[in-house]
Amino acid sequence: MTAIVAEKVTVRKAKKAVLQDVSFAIQPGTVTGLIGPSGSGKTTLMRSIVGVQKIHGGTLEVFGQPAGSKMLRSKLGYVTQSPAIYLDLTVRQNLAYFAVLARASNKQIDEILAVVRLTDQKNQLAQTLSGGQQARVSLAIALLGDPDLLVLDEPTVGLDPLLREELWSLFADLAAKGKTLLISSHVMDEAERCNQLLLLREGRLLWSDSREALLKKTATSSVGDAFLKMVKGGEKS
Amino acid sequence: MMYHLRITFATATRILHQLSHDHRTVALIFLVPCLLLSILWWLFEDSRATFDHLAPALLGVFPFVLMFIITSITTLRERIGGTMERLMTAPMGKLDFMLGYMIAFGLLAIVQALLASSLLLYVFDLDIAGPDWFMVSVALCDALLGTALGLLVSAFARSEFQAVQFMPAFVLPQFLISGLLMPLDKMPELLETIAYFFPLTYAIDALNEVALHADLTDNAWRDLWVVVGCIVVAVLLGALTLRRKS
């Protein structure tokens, strides 16, 4: 089954189209990069997929169900751009609470803490952590309960390069296990890690296919150059 | 069902954990009503009769106001911090969320009501005609009512500034026409009619009844049930007005 299918999705805010006729399909077991400058509609698209954004036109299905369906809620993990965690709880307390919602075990909490390298900070109040550490708590919560779909809004911003490397290989491992990942970024070099790409600009989708196909079509060697070429091409026609 | 029960209790535990890291807030919840009642006692040092009349009613008002503010700010913080949106993408029921808050703040309210009424009864020797337990129960229900209404109106606040102003806008009018400043039957007719639509009117009437009558009157019981009914309605309405999508 296709993981996500969008058909002409349109979202308006204050009468202005934030997303205009966005159509694409994402297969399970892939890492898809949602790439676009700030303000291009990446977060709105992600919020639509996890079901907290009202859609004004088109259809959006996740695992064959309309986005936001009740039965999808136990299947997805969502990480917002600014860490959605309780700052007045410890790291462990944060995870323990969301573990109840995700039906995850205590053992899994400890495993995930090790994955995001926060084992040493687990009894620390979240407000005493650095921004990057808080972002990792937020990511750890999304990983609880092994969700089939992970929607991650700029999860690696401000992280140590080594840790970023580790997280990207974690994402690849998860995809290899059949999980679907949609990861947004405004950093083009992160796009090189994704096998599928969605390029978004001013609410319109410029590209939705594999990275290889994009490079081939634009005759470029990096996603950054390809993006530039697509934008220029779009303005000419 | 079991799952939702577990989420509700996990939510209550989570809120209590949050508060346990904030001793000052907990101390304020417990001590502010006591402080206010002490000032009242001092103020009416020479007129015990007035104190005996006012204190039970205010035992209902202070926890109500306090819990209203605390809940509306806490839930607003949850909204602004993004954790509410995270919960709404998870399999959490809206009622689980509301009841979790009611249980956590309800436990605080029990301690608060017991502390404030013990102070009145045993330190200030407050003289009421009716049974003490009824007065404590009404005070407790008032705190729960404040919590439930705080949860309900915080859904309509977009910023902290708005949420804070809901207190004077929503609570003070109820207080002014609750029958404490002027008996209901002496008010302008329209105001009297309006007063009967507000739950605080019934809470204060119940406390007046228990202060004046040795036996629990039908009116006192009716008042208590109206307050309990308002708590239930506010919780259900609060759950209905929570929005998953925006």
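The values are calculated or read from the model by the stated rules, or taken from the named source; none is laboratory data. Please read all numbers here as calculations on a predicted model, not as lab measurements. Here the Cβ is made from the backbone with ideal geometry for all residues, glycine too, and neighbour counts use every protein chain on show.
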Of (1) in contact with a Phe, Trp or Tyr (Cβ under 6 Å, 6 or more places away or on another chain); (2) part of a loop (DSSP other than H, G, I, E, B), A:L87 satisfies every one except (1)
Those residues of the stretch B:15-46 which are among the small types (G, A, S) and either within 21 Å of B:D142 (Cβ to Cβ) or modelled with pLDDT of 95 or more (or both) amount to B:A27, B:S38
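Looking only at helices (runs of 4 or more DSSP H) that fall completely inside the stretch B:177-246, which ones have 1 or more residues that are within 14 Å of chain A (Cβ to nearest Cβ)? Reasoning before the result, please.
Values: elements: B:189-195, B:199-212, B:218-241.
In the stretch B:177-246, there are no helices (runs of 4 or more DSSP H) which contain 1 or more residues that are within 14 Å of chain A (Cβ to nearest Cβ).
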Expected output for the stretch A:38-52 (first residue within 11 Å of another protein chain (Cβ to nearest Cβ) and touching a residue at least 24 places away in the same chain (Cβ under 8 Å), partner surrounded by 21 or more Cβ atoms within 10 Å (Cβ to Cβ) and in a helix (DSSP H, G or I), Cβ below 6 Å, 6+ apart or cross-chain) is A:V50/B:T89
Scanning the stretch B:4-28 residue by residue, those surrounded by fewer than 16 Cβ atoms within 10 Å (Cβ to Cβ), in a helix (DSSP H, G or I) and within 8 Å of another protein chain (Cβ to nearest Cβ) turn out to be B:R6
Given the conditions (1) more than 18 Å from A:L89 (Cβ to Cβ); (2) within 14 Å of chain A (Cβ to nearest Cβ); (3) not polar (S, T, N, Q), every one holds for B:E85 apart from (1)
Residue check, B:Q174 within 27 Å of B:L76 (Cβ to Cβ), outside any loop (DSSP other than H, G, I, E, B), over 17 Å from the mean Cα position of the chain (by Cα) and polar (S, T, N, Q) = no
Among the residues of the stretch B:127-143, the number that are buried (at least 20 other Cβ atoms within 10 Å of the Cβ) and of a type in the set (D, E, K, R) is 1
Taking the stretch A:53-77 and keeping residues of a type outside the set (A, V, I, L, M), farther than 14 Å from A:A6 by Cβ and at the interface with another protein chain (Cβ under 9 Å from one of its Cβ atoms) leaves A:K54, A:K70, A:R73, A:S74, A:G77
Out of (1) more than 8 Å from chain B (Cβ to nearest Cβ); (2) out of contact with any Lys or Arg (no Cβ under 7 Å at 6 or more places or on another chain); (3) under 28 Å from B:L5 (Cα atoms); (4) surrounded by 16 or more Cβ atoms within 10 Å (Cβ to Cβ), the one A:L129 does not meet is (3)
Expected output for the stretch B:220-246 (first residue under 25 Å from A:V50 (Cα atoms), partner among the aromatic types (F, W, Y), Cβ below 8 Å, 6+ apart or cross-chain) is B:A239/B:F97; B:T241/B:F156; B:L242/B:F97
Wholly inside the stretch B:46-150, helices (runs of 4 or more DSSP H) that include 2 or more residues that are more than 30 Å from B:T11 (Cβ to Cβ) are B:48-80
Going through (1) within 14 Å of another protein chain (Cβ to nearest Cβ); (2) surrounded by fewer than 18 Cβ atoms within 10 Å (Cβ to Cβ); (3) among the β-branched types (V, I, T); (4) under 24 Å from B:L172 (Cβ atoms) one by one, B:I80 fails only at (4)
